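What follows draws every value from the coordinates through simple rules; no lab data is involved. For clarity, every value in this text was computed on a predicted model and none was experimentally measured.
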Amino acid sequence: MKIVREIALLVVALRCLGAVLAGSTGPDDRAITDPQAIVSAANSSARAVSVDDLFYTRSVFGAAWSPDGQEVLFSSDISGRFNLWKVRAPGGWPIQLT
């Protein structure tokens, strides 16, 4: 029974390896590659958006003024995960609080 299980595992492993080594092509035999930009199929005049621009988009939530009106506090994923930040009202680089 153990030998049958090992042979079955070997067959599955070899099939997976074969699938990986075979590669993949699109419906018209074009190789699948990592895109550098995303384009609109519906609107050919729309500008392409780079994948980096999409990936590095950050979010800001819950902005509020400090009691003295000198700073703005907000939650953002500037660092890759959501934390509390503050920035001086006239502008500048935000300071991470959490």
Taking 0.36 nm per residue of sequence separation and subtracting the Cα-Cα distance, how much length would be gained by fully extending the chain between I95 and K2, in nm to one decimal?
27.5 nm
So how much slack lies between D68 and I38, counting 0.36 nm per residue of separation and subtracting their Cα-Cα distance, in nm?
6.4 nm
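Starting from 0.36 nm per residue, how many nanometres of slack lie between V51 and D77 once their C-alpha separation is accounted for?
Numbers: separation 26, 0.36 × 26 = 9.36 nm, distance 1.82 nm.
Stretched fully, the V51-D77 segment lengthens by 7.5 nm.
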